[in-house]
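The values are calculated or read from the model by the stated rules, or taken from the named source; none is laboratory data. It should be emphasised that the depicted structure is a prediction, and the values quoted were computed from it without experimental measurement. In this analysis, Cβ positions are derived from the backbone assuming ideal geometry, glycine residues included, and neighbour counts consider all displayed protein chains. Keep in mind that these areas ignore ligands, DNA and RNA; they rest on the heavy atoms of the full protein, side chains included. Shrake-Rupley method; radii C 1.70, N 1.55, O 1.52, S 1.80 Å.
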Amino acid sequence: MIARFWHGRTKSSDAEQYRLYVKETGIRELIGTPGNMGAQIWQQQENDITHIWVVSWWQDYESIKAFAGNDIAVARYYEEDK
């Protein structure tokens with residue numbers, strides 16, 4: 001099993017909306033990718049900033065590539081992220 005994580009941050013006042021956005025985009029696609037063994041969102045408030053981590057577990061590197069592309073060290077972003 002391979003663990004992969006992504007970290008983002010937002011204003012704490014936007015944290016709930018941002019977490020839901022991450023759930024509807026990244027988490028939905030992560031768990032729908034063959035070879036994915038699960039995913040979680042972790043959240044920590046630090047004053048007016050909230051950190052969001054997505055932790056996912058994978059069967060093998062090929063499974064990660066199916067989701068992220070050939071360079072698995074690069075985060076996958078969505079059009080709405082702009």
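So what's the back-of-envelope 222 nm ellipticity for the chain, counting only DSSP H runs of four-plus at -39500 (n - 2.57) apiece and dividing by all residues, rounded to 500?
Counting only the DSSP helices, I get -6000 deg cm²/dmol.
Please give the length that would be gained between residue 78 and residue 14 if that part of the chain were fully extended, namely 0.36 nm times their separation in residues minus their C-alpha to C-alpha distance (nm, one decimal).
Taking 0.36 nm per residue and subtracting the Cα distance, the gain is 21.2 nm.
Using the crude model of +1 on Lys and Arg Cβ and -1 on Asp and Glu Cβ, and no other charge, please compute the dipole size for the chain relative to its Cα centre, in debye to 20.
100 debye
What does the C-alpha gyration tensor say about the overall shape of region 42-82? Classify as rounded when a/c is under 1.5, otherwise prolate if a/b is larger than b/c, or oblate.
oblate
Please state the equivalent ellipsoid semi-axes for the chain: what are the square roots of 5 times the Cα gyration tensor eigenvalues, largest first, in whole Å?
Over the Cα atoms of the chain, the semi-axes work out to 24, 13, 11 Å.
What's the carbon and sulfur percent of the chain's accessible surface, probe 1.4 angstrom, rounded to a whole number?
Ligands and nucleic acids excluded, carbon and sulfur give 49 percent.
By the scheme Lys and Arg +1, Asp and Glu -1, what is the net charge of all other residues having a beta-carbon under 12 Å from that of residue 50?
Neighbour charge sum, excluding residue 50 itself: -1.
Can you work out the accessible area per residue across the chain, with the rest of the protein chains kept in place, probe 1.4 Å, in square angstrom?
On the way: 5680 Å² over 82 residues.
For the chain, the solvent-accessible area averages 69 Å² per residue.
For residue 7 and residue 42, compute 0.36 nm times the residue count separating them, minus their Cα-Cα distance, and round to one decimal in nm.
Extra length from residue 7 to residue 42 when fully extended: 11.7 nm.
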